[in-house]
Amino acid sequence: MSEVTPDRATVQRRSIGARRNPATETAILDAAEAILTEKGPRGLSMEAVARRAKAGKATLYKWWPNRGALLIAIYERSKGDHQHHDAGDLVATVAAFYKFVFDFWRTPAGQVFALIIAEAQSDAAVADALARYRAERLEALREVVDRSRTRGELCADIDSSALAELIMAAAWMKLLTGALDADPKALARAVVGTAVV
């Protein structure tokens with residue numbers, strides 16, 4: 001009895017156990033991004049993505065438990081893994097963050113984030129995914145603030161978590177009010193300047 005040899009595409013897209021198959025993950029996120037572009041966030045369903053990506057719904061739900069998590073994954077892939085590079089002082093570091101994020105949010109890929117925030121107002125799964133993403137980003141900003149505290153930059157009574165929230169809130173406000181042309185340095189000074197010794 002002759003042995004059947006699977007074709008190359010089948011081999012590439014086959015499950016690799018608990019780890020994600022990169023080819024399948026790319027196909028799913030490509031399909032999700034295309035549907036999002038064509039139909040907006042309300043048109044994005046797990047069924048439509050699975051169908052377009054030629055992937056099993058079980059795979060989608062294993063990697064992204066709901067539509068909200070998938071929306072965040074689309075956004076994060078476009079944005080890339082942004083690290084807060086220490087510019088030597090808090091105002092300069094926050095200004096660099098604002099410049100990066102405002103520049104990105106002005107692109108079509110970056111505008112997805114405003115859609116996610118809007119969708120979170122009426123979809124609990126999206127709201128939950130956004131809350132988890134927000135908590136991760138706040139932790140990264142808190143670390144930025146703590147580095148400044150270690151350098152002796154901050155006033156003694158400044159709460160790191162509260163200042164991180166303020167930094168993020170200012171950025172989100174600019175996004176949601178269409179004010180992404182704000183001067184990053186001036187905004188950083190306004191937001192964190194009074195916290196610095």
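Taken together, the values in this text are just the output of simple stated rules run on the coordinates, not laboratory data. Keep in mind that this is a model prediction, so the values were computed, not measured. Because the Cβ atoms are built from the backbone with ideal geometry, glycine has one as well, and the counts that use them run over all protein chains shown.
Summary table below
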{"item": "Residue with peak Gaussian network fluctuation, the chain [Cα springs, cutoff 10 Å], from Thr150, Thr59, Thr93", "result": "Thr150"}
{"item": "Per-residue [θ]222 nm for the chain (sum of -39500 (n - 2.57) over DSSP H runs n ≥ 4, rounded to 500)", "result": "-21000 deg cm²/dmol"}
{"item": "Difference of contour (0.36 nm per residue) and Cα-Cα distance, Arg42 to Ala125", "result": "28.6 nm"}
{"item": "Selection from Ala195, Leu70, Ala95, by position along the positive dipole direction of the chain (Cβ)", "result": "Leu70"}
{"item": "Lys, Arg +1 and Asp, Glu -1 on Cβ, resulting dipole of region 46-123 about Cα centre, debye, nearest 20", "result": "580"}
{"item": "Set of lysines near Lys99 by C-alpha distance (under 30 Å), chain-local residues within fewer than 8 positions excluded", "result": "Lys39, Lys79, Lys174, Lys185"}
{"item": "Answer label, with P(r) over Cα pairs in 10 Å bins from 0, in percent calculated from the coordinates and candidates (1) 8, 30, 33, 22, 7, 1; (2) 8, 22, 25, 22, 14, 7, 2, 0; (3) 8, 30, 28, 19, 10, 3, 1, 0, 0", "result": "(3)"}
{"item": "Label-point gap, in nm, between Ala156 and Asp81 - each point 7 angstrom along Cα→Cβ", "result": "4.0"}
{"item": "Residue-span extension gain [Glu139 to Val196] - 0.36 nm each, minus C-alpha spacing", "result": "18.5 nm"}
{"item": "Separation of the Thr26 and Glu165 label points, Cα + 7 Å toward Cβ, nm", "result": "4.2"}
{"item": "For a label point 7 Å along the Cα-to-beta-carbon line of Arg19, residues of region 45-75 with backbone N under 17 Å", "result": "63"}
{"item": "Net +/- balance of residues flanking Asp183 in space, Cβ distance below 12 Å, scoring K and R +1, D and E -1", "result": "+3"}
{"item": "Hz values of 3J(HN,Hα) by residue in region 53-61 - Karplus curve (6.51, -1.76, 1.60), Gly and Pro given as x", "result": "7, 6, 10, x, 4, 4, 5, 4, 5"}
